[in-house]
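Enquirer: Sharing a structure, written as structure tokens. Questions coming.
All of the numbers you see were taken from the coordinates with simple rules; none came from a lab. These numbers were taken from a predicted model, which means no experiment stands behind them. Every residue, glycine among them, receives a Cβ derived from its backbone with ideal geometry; neighbour counts consider all protein chains shown.
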Amino acid sequence: MTALPGSGTATGAAARAVTRAATPAAAVTRRPSEGSVHSWDLSTGVDGPGTRFVTFLSGCPLTCLYCHNPDTWRMRAGRRTSADDVIAEAAKCRRFIAAAGGGATVSGGEPLLQPVFAGELLHRMKHELGLHTALDTSGFLGARATDALLRDVDLVLLDVKSWDRETYRKVTGRPLAPTLDFARRLADLGKEVHLRFVLVPGLTDARENVEGVAAFAGSLGNVSRVDVLPFHKLGEAKWQALGMDFTLHDTPSPTAEQTAAARAVFEARGLMAV
């Protein structure tokens, strides 16, 4: 993740006119031109298929114990940035991204904490730049995602951090139910989902917990891939820099065998797990 560069060059009146022509008038008048942005970056194979232009929005209602970007939790810590500037930056590498079979991802933090701004970015990435779009979310604020916003999303990267309710609250500080409700809504809409599950030894790796997530994912019918992500401590330095206690300091990363066993649980439900 790179630091947010300078304000950049706005796309100008002509580009804004194109966007307004492609967007329902009522939606345009309700959309702000700015949001709180942590950074943007190009990534490959992590934030959706192919090479992606990823916009990281600031602010998150969850406080995950293993978060590797706790500096994105506070919206006020981000930089007020115009949608025009974000789109202009993405446009610089649009041809490269398209040729690499990639697209644009709106991530965070939690992008649905700023649903109108996130919706504008997704709409313009898709219709103005012609890019495949992905929304990276915990699903906790899924009720804030309107059907109009979701129509501009080709893929949802959905984190289901635990099936056990107490473990979920311990990990995130929040209840699990809103995420499950959002997942079911995405299934009803036929929206493609890549489900993400972080395997943390001694916390989320209990067999019954993994089986619960797998059974739920397998029941939806729209989960095309499951990413079983081994826990790591690469973000610990950020916690320390922020004066925060990283309580998983002594937790080891799962072994290759433990990770493979978890993936096998999802595969037993007919899901592709990587």
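Enquirer: Mind checking which lysines have their Cα closer than 26 Å to the Cα of LYS92? Skip sequence neighbours fewer than 8 apart in that chain.
Expert: Excluding near neighbours in sequence, the set is LYS126.
Enquirer: I need the calculated FRET efficiency for the pair ARG169 and LYS92, taking r as the beta carbon distance and R₀ as 51 Å, to the nearest 0.05.
Expert: On the way: r = 42 Å, r/R0 = 0.82.
E(calc), rounded to 0.05, equals 0.75.
Enquirer: Okay, next question. Return the single residue from GLY243, GLY218, GLY235 with maximal mean-square fluctuation; model: Gaussian network over the chain, springs between Cα atoms under 10 Å.
Expert: GLY243
Enquirer: Pick from LEU131, LEU234, LEU199 the residue whose mean-square fluctuation is largest in a GNM of the chain, springs joining Cα atoms under 10 Å.
Expert: Taking springs between Cα atoms under 10 Å, the residue moving most is LEU234.
Enquirer: So who's got an amide H within less than 5 Å of the one on LEU199, skipping anything under 5 residues away but keeping other chains? H placed 1.01 Å off N, in plane.
Expert: Amide H to amide H, under 5 Å and 5 or more residues apart or across chains, LEU199 pairs with LEU229, PHE231.
Enquirer: Could you work out how far helix 256-267 tilts from the main Cα principal axis of the chain, as a 0 to 90 degree angle to the nearest 10?
Expert: 70 degrees
Enquirer: Taking a cut-off of 19 Å between Cα atoms, list the lysines near LYS170, but don't count ones fewer than 8 places away on the same chain.
Expert: LYS161, LYS233
Enquirer: Length gain on complete extension for the stretch THR44 to LEU189, per 0.36 nm per residue less the alpha carbon to alpha carbon distance?
Expert: Working: separation 145, 0.36 × 145 = 52.20 nm, distance 2.74 nm.
Full extension from THR44 to LEU189 adds 49.5 nm.
Enquirer: Return the percentage of antiparallel bridges among DSSP beta bridges fully within segment 34-267, rounded to the nearest 5 %. Numbers along the way, then the final one.
Expert: On the way: 11 of 35 bridges.
DSSP beta bridges in segment 34-267 are roughly 30 percent antiparallel.
Enquirer: Which aspartates and glutamates, on any chain, are close to LYS238 with Cα under 17 Å apart, when same-chain ones fewer than 8 places away are left out?
Expert: ASP71, ASP250
Enquirer: Still on this structure: Given the DSSP H assignment, sum -39500 (n - 2.57) over each helix run of at least 4 residues in the chain and divide by its residue total; what's the result at 222 nm in deg cm²/dmol, nearest 500?
Expert: Numbers: 11 runs with 104 residues, N = 274.
Value at 222 nm, helices only: -11000 deg cm²/dmol.
Enquirer: Here is a further query. Take every Cα pair under 8 Å in the chain that's 6+ residues apart, average their separations, divide by the length, and report that relative contact order as a whole percent.
Expert: Working: 526 pairs, mean separation 43.4, N = 274.
About 16 percent, as a whole number.
Enquirer: Please sort 88-96, 251-259 by packing, taking for each peptide the average over its residues of neighbouring beta carbons within 10 angstrom, highest first.
Expert: Numbers: 88-96: 15.9, 251-259: 14.1.
The densest-packed peptide leads the list: 88-96, 251-259.
Enquirer: Cysteines without a disulfide-compatible partner in the chain, using Cβ under 4.7 Å as the rule?
Expert: CYS60, CYS93
Enquirer: I'd like to compare 37-48, 104-115, 168-179: which one has the highest average count of other Cβ atoms within 10 Å, and what's the full order after that?
Expert: On the way: 37-48: 19.1, 104-115: 26.1, 168-179: 17.3.
Result, highest mean first: 104-115, 37-48, 168-179.
Enquirer: Given points 7 Å out from each Cα along the Cα-Cβ axis, report the ALA100 to ALA241 separation in nanometres with one decimal.
Expert: 2.3 nm
Enquirer: Let me ask something else about it. Would you order VAL193, VAL226 from fewest to most other beta-carbon atoms within 10 Å of each residue's own beta-carbon?
Expert: Details: VAL193 23, VAL226 26.
Final ranking by Cβ density, sparse to dense: VAL193, VAL226.
Enquirer: Using 1/(1 + (r/R0)^6) with R0 = 35 angstrom and r between the beta carbons of ARG74 and ALA206, what's the FRET efficiency to the nearest 0.05?
Expert: Values: r = 32 Å, r/R0 = 0.92.
The value I calculate is 0.65.
Enquirer: Assuming 0.36 nm per residue, please report the length gained on full extension of the stretch GLU267 to ALA177 beyond their Cα-Cα distance. Mind dumping the intermediate values first?
Expert: Values: separation 90, 0.36 × 90 = 32.40 nm, distance 2.43 nm.
Between GLU267 and ALA177, full extension yields an extra 30.0 nm.
Enquirer: In nm, to one decimal, how far is the GLU257 label point from the SER33 one, both placed 7 Å along Cα→Cβ?
Expert: 6.1 nm
Enquirer: Output the direction-averaged projected area (hull surface divided by four) of the convex hull of the alpha-carbon atoms of segment 115-165, in nm².
Expert: Details: hull surface 14.6 nm².
Projected area, direction-averaged: 3.7 nm².
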